[in-house]
Amino acid sequence: MVKYELLFHPLVAGRFISVFPILEGNNRRDCLLLYAQMVAFTGHLHGLEFSLPSVLRYCGKASGLEEGRQIHAQVLKTCFQNDPFISNSILRMYLDLGEVEVARRVFDTMPKRDVISWNSMISGCIKAGAIDFAYRVFEVMPQKDLISINAMIDGFMKCGSSHLALQLFENLPERDVVTWTR
C-alpha cells in the first residue's frame with residue numbers, strides 16, 4: 001500500500017512521476033483520489049503529464065467513463081492535447097470503454113496521428129464489433145504495418161469474413177508468428 005501523504009511531502013512534491021502503475025492493484029477510487037489530490041496540490045496539470053497516460057488507462061480498464069471524460073476535459077484546457085502519448089491514451093481509454101463514436105471524434109481531431117493512433121483505432125473498433133469502420137480506417141491508414149494487418153485479419157476471421165482475411169494474408173510481403181496463428 002502506498003502512503004499517499006508521502007507523495008505530498010515537500011521533498012517529493014513537484015517531482016511527481018507516474019505512481020499509478022504502482023496503484024493498479026488498488027481500486028479505482030484510490031487511484032482517482034490520488035490524481036485529484038495531485039491536481040489540487042499543484043493547482044494545475046503541469047508536472048502531471050507523465051501521470052496522465054496511466055490515469056487514463058486506469059479509467060479505461062476500470063470502467064471510469066465519467067472520470068475519463070473529466071480528465072479529457074482538463075487535458076483540452078492545456079497544451080497536453082498536442083502530446084502524442086496523452087492523446088493516444090485518451091483515444092485508447094474511449095476505445096477500452098466501447099465509446100467508438102467518441103474515440104472517432106478524438107481520432108479525427110488529433111493534431112498528429114502516429115502508427116500507435118492508427119493501430120489503436122483499428123484494434124479498438126474490432127474489439128467493439130465495428131469491423132466495417134475498422135476496415136475503413138485501415139484502408140486510409142498511410143503506412144500499414146504488420147500489427148494493423150494482423151488486427152484486420154483477426155477481425156475478419158472473428159466476424160466470419162474469412163475470404164477477406166485470406167486476401168490480406170496472401171498479399172502480405174512478410175509474416176510473423178501472430179499472422180500464422182490467427
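Points to keep in mind about this one:
- Gyration tensor verdict on the stretch 113-182 (Cα atoms; rounded if a/c is under 1.5, prolate if a/b is larger than b/c, oblate otherwise): oblate
- For the stretch 70-79, 3J(HN,Hα) per residue [Karplus equation, 6.51 cos²θ - 1.76 cosθ + 1.60, θ = phi - 60°, Hz, x = Gly/Pro]: 5, 5, 4, 4, 4, 4, 4, 8, 10, 7
- Put the Cα centre of the stretch 38-73 next to the Cα centre of the stretch 116-182 and the gap is 30 Å.
- Take each peptide in 72-83, 163-174, 129-140, count the other Cβ atoms within 10 Å of every residue, and average; sorted highest first, the result is 129-140, 72-83, 163-174.
- Contact order normalised by residue count of the stretch 102-161, Cα under 8 Å, 6+ apart, percent: 32
- Fully extending the segment from residue 177 to residue 66, taken as 0.36 nm per residue of separation minus the present Cα-Cα distance, adds 36.1 nm.
- Structure note, pairs 112/144; 77/144; 77/127: Cα-Cα distances above 23 angstrom occur for 77/144; 77/127.
Computed from the coordinates by the stated procedures, all read-outs in this text should not be read as laboratory data. On a predicted model such as this, the values are computed, not experimentally measured, just so you know. Note: ideal-geometry Cβ built from the backbone for every residue, glycine included; neighbour counts use all protein chains shown.
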